Amino acid sequence: FFPPFLRFPRSFPVFSRGRPTPMAAIQAAKSGYLCSEPMGWSKLWFVVLNKFLFQFADNNSPQPQCGMPLAGTSVQLEPIYSRPHCFSVRCAAGVVVLAADSDQDARDWVDAINRDIAGTPLPVPVQP
């Protein structure tokens, strides 16, 4: 837990409807493992959902450890950062630097977060 992330009560409303659902099953704008700088580059499960960036211990965790409201944030790739495939999420409370597994994955995270902030739906894959 670190600024600008917020700690949530165990029964955070987004995830407490009925039986807890593992994060791998939630229909989110984007989800996956990222390395987090303030956590010593530890690999954690992140989810972009309803204008929040949620952090979980792993993809089977039923409740977020913490989350960051995305309203008023800016997201950008950080190509000159000391670790490859980084992007930053900036808000008035601070900056969070996250690292993806590849440059393409980092771009996908930035795009997904920006779409979620703007309220733009996910692109629908075209069936051949």
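The values are calculated or read from the model by the stated rules, or taken from the named source; none is laboratory data. Please read all numbers here as calculations on a predicted model, not as lab measurements. As a convention, Cβ positions derive from the backbone with ideal geometry for all residues, glycine included, and neighbour counts pool all protein chains shown. Ligands, DNA and RNA are excluded from the accessible area calculation, which covers all protein heavy atoms including side chains. Shrake-Rupley method; radii C 1.70, N 1.55, O 1.52, S 1.80 Å.
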* Structure fact -> Here the residues within segment 43-85 that are without any contact (Cβ under 8 Å) to a residue 24 or more places away in the chain, over 13 Å from the mean Cα position of the chain (by Cα) and open to solvent by less than 40 Å² (accessible area, probe 1.4 Å) are Glu78
* Top-ranked residue of segment 54-75 - restricted to ones that are in contact with a helix residue (DSSP H, G or I) (Cβ under 7 Å, 6 or more places away or on another chain) and assigned to a strand (DSSP E or B), ranked as modelled with the lowest pLDDT -> Phe56
* Return a yes/no flag: does segment 13-32 have any residue that is among the aliphatic types (A, V, I, L, M), touching a strand residue (DSSP E or B) at 6+ places or on another chain (Cβ under 6 Å) and modelled with pLDDT of 90 or more. => no
